[in-house]
Structure formats: structure tokens, C-alpha cells
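Notes to accompany the following structure.
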Amino acid sequence: MTALRAWLQASRLPSQSYIALPLLLGQLVAVRLTGRSLDVATLLGVQLFGVLDQLFIVYANDWADQETDRRNQTATLFSGGSRVLVEGRLSPRALGTAALGCAMGLVAVSVALSVTRGVPLLVPLALAALALLWAYSYAPLRLSYRGGGEVLQMVGVSGVLPLYGYLAQGGDLDRFPWWLVACLLPTHLACAIATALPDEPSDRESQKLTLPARVGGERAAWVILALNAVTLVLAPLGLEAVGLRADPWLLVPALAALGVVLARPAPPGSRRILVRVAAAITATTAMVALPLVALALR
């Protein structure tokens, strides 16, 4: 049971929503635009890809960031890694092997889907997902340390994943709603920045150039709010691209985003900074989940 608890801790299962919702959104958009029924077997295959992708991300990031995580005194549910290596609950070798296994698994699932669904582009998209994580955490780019890691995260969750789900369910690439992606890019970038807020002190010490480490938590909070505002402004265009209207439910992510600045000032390690992170994540989740529900009900 001790080993099982360690692996559950390493797996950081709450972060599955970051991957699962964009994949579902892409699939439901394909169903709406093509008029076809949702293929359940494909749905399960795509979500399995998402599970393996998320596990690869958290295991590989823990392995890459173990030295920085040891310096981190402000780790939270949302940041600072799973702590299994820092606490000695799992070995680096075990976690690295698991990451490699998940990477191979998600490529295998993508190959199977590309063959059964006749969509060869799924394999390059799977490789792109792996490449984004490699560029984020590993040499020679290691952009989470050199600056730009948040942008990589944004590209993956708001670009690669919806497109993967869309194509898997038979969507035509020429009809892919790029305006919807453009609408979601800013809020996903805001979410990526927010998860780095609690790690600002250790990131600065480790010379990890996240936005909060470069400009400070207060300025980063205003950037997060501004990015969510951009998404809300673009929302009518993004929703129109899939036949939806900008109804009053947009107030949900708007109010959540306000929590980012209403919780200021927020020194590292305080409850207020957790409110900021949770508010940014809620705003992004709502911006993805609410149109997803609207699509599912139509």
C-alpha cells in the first residue's frame, strides 16, 4: 500500500483535467461540425492517450526538476512537483522508467488510432506532445528554465490536444475552428503562469525564468488577469466558429479570473497565493468546460 500511495502521489491525478478537457472539446467539436455520432471506442482511445500523456508529463518533470524541487519550500497542490523524489518515496530510476513507459504507450495508442481511424497525423501530434515536454524540461532547450516554458504549455493544451481529439473523431483539418484555439490560448497561458506563482522564490534561486520569477508575483497576477480578459473578448468569435453563442455563463470564468487580483497581496506560501492559483485554474477550466457542456447538450 505504501508503494501504491507513492505512485498515486507521483501521478498528481487532479492535473488530468488539464489534458482530458481539451481532448474532449476537440472531439465534440468534430461531432458538431461533421454531423456524425461520437465514436465511443475512439473516445476511449483518445482519453487513454490523455491519461498516458499526463502521467508522462508529471513523471518526466519530477525527474528533470528534482534538484530544484529539493530547494522548494513553498510547494503546493498545484506546484513544486509531486515531492516523491524529494521525500525518497520513489527512486529516480523508477520514475524515469515509468515516464519512458508512458511515452511509448501514448505513441502506441496513437499508432493504433491512426490505423483504425485512417488519420496518420495523430502520430506526429503525439510526437509533438512528447517534444513539447522535452523542450520544456530537458537539454538543450530546457525552456522552463531559460524562459518560454509557459508558452510551450499553452501550445500543448490549447493547440495540440484539441486538434488531436478533433482529428481522431473524423474532423476535417480544413474545417478545424482555429478561432476557438485563438480564444483559448490566452487563458491557458494565464493558467500556466499561475501554477508557477507559489514557486517564485525557489525558481529565482534556481535561475528558472518563469514569468513570476522574472517580474514578481504582483505583476504576474495582473498579466494573468489581462490574459483571461483577452480570452473573454475573443470568446464570441471562438464560440461562433462552432455554432455557439456567448451566453451569460461567461460570467463564471470572468468572476473566477478576478480572484487572481482580489487575493493580493499574496506572499509566497500564504493562503492568498493559493486563492490566486485556484482562481486562474478555475477560469481556464470553465472556459473549456462550459462550451464543452454546451456542445454535449446540443
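So that you can scan it fast, the table gives a plain yes or no per residue for (1) in contact with a helix residue (DSSP H, G or I) (Cβ under 6 Å, 6 or more places away or on another chain); (2) assigned to a helix (DSSP H, G or I); (3) within 16 Å of V288 (Cα to Cα):
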{"site": "T116", "(1), (2), (3)": "no, yes, no"}
{"site": "V119", "(1), (2), (3)": "yes, no, no"}
{"site": "P124", "(1), (2), (3)": "no, yes, no"}
{"site": "A135", "(1), (2), (3)": "yes, yes, no"}
{"site": "M154", "(1), (2), (3)": "yes, yes, yes"}
{"site": "G165", "(1), (2), (3)": "yes, yes, yes"}
{"site": "L184", "(1), (2), (3)": "yes, yes, yes"}
{"site": "A192", "(1), (2), (3)": "yes, yes, yes"}
{"site": "S202", "(1), (2), (3)": "yes, yes, no"}
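Against the list (1) modelled with pLDDT under 95; (2) part of a helix (DSSP H, G or I); (3) farther than 16 Å from L127 by Cα, the condition A60 fails is (3).
Taking segment 134-166 as the range and being of a type in the set (A, V, I, L, M) and open to solvent by 10 Å² or more (accessible area, probe 1.4 Å) as the test, the residues that pass are A135, A139, L141, L143, V151, L152, M154, V155, V157, V160, L163.
Among the residues of segment 1-12, which ones are surrounded by 15 or more Cβ atoms within 10 Å (Cβ to Cβ) and of a type in the set (D, E, K, R)? First the steps, then the outcome.
Of the residues in segment 1-12, the ones surrounded by 15 or more Cβ atoms within 10 Å (Cβ to Cβ) are 6-7, 9-12.
The answer is R12, and nothing else.
For segment 222-250, filtering for residues that are assigned to a helix (DSSP H, G or I), at pLDDT below 85 and open to solvent by 30 Å² or more (accessible area, probe 1.4 Å) leaves 2.
Results for (1) touching a His at 6+ places or on another chain (Cβ under 6 Å); (2) open to solvent by less than 10 Å² (accessible area, probe 1.4 Å); (3) touching a residue at least 40 places away in the same chain (Cβ under 8 Å); (4) assigned to a helix (DSSP H, G or I), shown as yes or no for each residue.
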residue	(1), (2), (3), (4)
P14	no, no, yes, yes
L21	no, no, yes, yes
L24	no, no, yes, yes
A30	no, yes, yes, yes
L38	no, no, yes, no
L48	no, no, yes, yes
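Here is the figure for segment 17-57: residues that are hydroxyl-bearing (S, T, Y) and at pLDDT 95 or above total 1.
The values are calculated or read from the model by the stated rules, or taken from the named source; none is laboratory data. Worth saying up front: this structure is predicted, and the values here are computed from it rather than measured. Methodologically, a virtual Cβ is constructed for each residue, glycine included, from the backbone with ideal geometry; neighbour enumeration extends over all protein chains shown. Surface accessibility is based on the protein's heavy atoms, side chains included, excluding ligands, DNA and RNA. Shrake-Rupley method; radii C 1.70, N 1.55, O 1.52, S 1.80 Å.
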